[in-house]
Amino acid sequence: MDDDETELQNPFPSPPSHYTKYTTHNLKLLSLLRERSGDNVAETDQRQVLSDQSDVPDWQLTQLEKPRVDWILDEPDAYYNVFGEMWFVKEKIPSLADSGRSQLYPEDPKIDRRPALRSILRSLLVTYSALMSSLLLPPPPLASEIPPEYQRHVDWISLLTTNLMAAANDLRPVQARANLESMMRRQLEIRKEETQTMHEKCDALEAKLREIRASVANLSNHQTHHKQVGIISSTVTRRS
């Protein structure tokens, strides 16, 4: 149970132990060492230069210097290492030629690749059918140096699928652009729909206000008419 809790609490490797050297005091000593030594920091005896300071470490303060990123970027294939793995600064998807495989579709992106991709897909289906048939054949003799038939089909299917994946990766920028255009068109349509809904609401409110004004005007005219009739009736009654 304790091991499980420890594993859950530490999902990532611990940082290098030298991170504890980056204290405020050590960074101040490094800044002071730069001021007193100038450009010859690496060749300076830090204990002698910082003799008036306390807690000067035994290790070189220059270890606290930030890595020179410009040195990495100046290399033709700039990369850095993280936990023993190499990562390129500019990520590049290896091409089929870099992987040592044949490319079965036109390399020029301006050429329509759809006919070649359809041929690859048809060949993939036919080869898969042939692979299923070859699995029913008896195995070759143990002393035979000729590879079995199914191995040839598997290798060809591997090449076909690799070409399909490479072609799909080449189309990712086009797909991203198309998705962005689709999203922008959808947002424009939503705004148009919202604007149309607002106009319809405004028209409905204006019609309702006109009805209210008309009903108020009719009610006022009706009341005025009743008052006039009442006045005339009262006058006639008094005279009689």
The stretch 90-165 and the stretch 179-194: distance between their alpha carbon centers, rounded to Å: 41
Calculated diffusion of the stretch 37-149, Stokes-Einstein form, Kirkwood radius summed over Cα pairs, 4 °C and 1.567 mPa s, µm²/s: 59
Count of lysine pairs in the chain with Cα separation under 30 Å (8 or more residues apart, or interchain): 9
Relative contact order computed over the chain (Cα-Cα under 8 Å; 6+ residues apart), in percent: 10
Estimated 222 nm signal from helices in the chain, with DSSP H stretches of n ≥ 4 weighted -39500 (n - 2.57), rounded to 500: -20500 deg cm²/dmol
Label zone at residue 214 (point 7 Å along Cα-to-Cβ), backbone N below 11 Å, the stretch 181-207: 207
Largest-first ellipsoid semi-axes for the chain, taking √(5λ) over the Cα gyration tensor eigenvalues, angstrom: 76, 51, 21
Long-range amide H partners of residue 44 with built H, under 5 Å: none
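Each value in this text was obtained by applying a stated rule to the coordinates, not by laboratory testing. Because the structure is predicted, anything quoted here is derived from the model rather than measured. Glycine also receives a Cβ, built like all others from the backbone with ideal geometry; neighbour counts cover every protein chain displayed.
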